[in-house]
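So the structure is just underneath, and the comments pick up after that.
None of the figures in this text is laboratory data; all of them are computed from the coordinates on show. As the structure is a computational prediction, the values presented were derived from the model and not from experiment. When we count neighbours, we look across all protein chains shown, and the Cβ atoms used for this are built from the backbone with ideal geometry, even at glycine.
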Amino acid sequence: MRDSVVRKIGACLARYLEKPLPRYEPFSVHDVSTLRRHLRPGDVLLVEGNARISSAIKYLTQSTWSHLAFYTGPLAGRAAADGEPCALVEAELSQGVVASPVSKYEKFNTRICRAVGLTDGDRERVVRYMIDSIGKSYDLKNIFDLMRYLLPTPPVPVRLRRRMIALGSGDPSRAICSTLIAQAFQSIRYPILPFVEKRPQSRRFLLHEKEIYHIRHHSLYAPRDFDLSPYFAVVKPTVASCFDYKKIQWNELRED
């Protein structure tokens with residue numbers, strides 16, 4: 001009985017949080033064909049969302065990016081209502097982990113982040129991890145936690161905000177967008193933003209430091225971490241398409 005009530009309340013909150021806010025203005029939008037041309041399996045697509053939940057995530061992470069989607073490439077047997085193949089896997093509030101078409105984000109600011117030096121075998125394993133996650137539930141505890149930071153927006157010190165993102169119940173059958181993708185890369189021990197401990201080492205009277213990498217818990221990852229990570233390259237479709245500023249046709253303003 002209690003679980004049923006919690007699910008109903010969570011579903012109502014999800015519908016509220018997913019409602020778009022007015023006056024969203026995209027600045028750097030790529031057409032769908034350009035995005036498809038430059039996306040590769042294993043890429044992470046950062047999205048600047050326009051929903052109520054996006055404002056909470058942006059506040060807590062002090063970042064433009066509020067959502068992540070993982071590009072798997074076209075998935076056999078999965079297509080949108082218009083027949084477009086689904087090629088993204090993401091965790092949605094009301095639906096859980098789903099497959100989506102690239103065109104879903106054609107009117108949003110996005111950024112492509114690509115793991116550097118990923119082997120073909122590890123890329124396949126990460127893609128398989130994400131595909132196998134389709135159908136998982138969205139973590140309802142995450143919804144209740146995020147609601148605390150919406151009405152009103154709390155005066156939380158910047159140094160404490162990352163810990164406040166450590167949301168969710170920890171149930172492996174449930175997911176949120178950033179933690180799911182972080183788990184996928186951690187499954188092959190690929191770094192995102194590991195904690196680096198420097199230990200002094202002495203060798204024949206010479207003192208140097210040894211770097212020891214520690215894996216952060218997946219619940220601590222936010223969308224912006226893939227943008228900040230030194231191990232993920234930012235792919236800008238305009239630049240990758242042989243951009244030439246000399247070919248831009250400016251509308252010259254005349255002074256009368």
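Can you work out ³J(HN,Hα) from phi for every residue in the stretch 120-135, in order, using Karplus 6.51 cos²θ - 1.76 cosθ + 1.60 and θ = phi - 60°, giving whole Hz and x for Gly and Pro?
Per residue, the Karplus-derived 3J(HN,Hα) values read 4, x, 5, 4, 4, 5, 5, 4, 5, 4, 5, 5, 5, 7, 4, x Hz.
Which residue, SER100, GLY121, PRO85, has the largest displacement toward the positive end of the dipole of the stretch 69-140 when charges sit on each Cβ (Lys, Arg +1; Asp, Glu -1)?
The Cα lying farthest towards the positive end belongs to GLY121.
Below 14 angstrom from the Cβ of GLY73, what's the summed charge of the other residues (Lys, Arg +1; Asp, Glu -1)?
Values: positive: ARG36, ARG37, ARG40, ARG78, ARG114, ARG123, ARG128; negative: ASP43, GLU84, ASP120, GLU124.
The answer is +3.
What is the distance, in nm, between label points placed 7 Å from the Cα along the Cα-to-Cβ direction at VAL235 and at GLU92?
It works out to 2.4 nm between the two label points.
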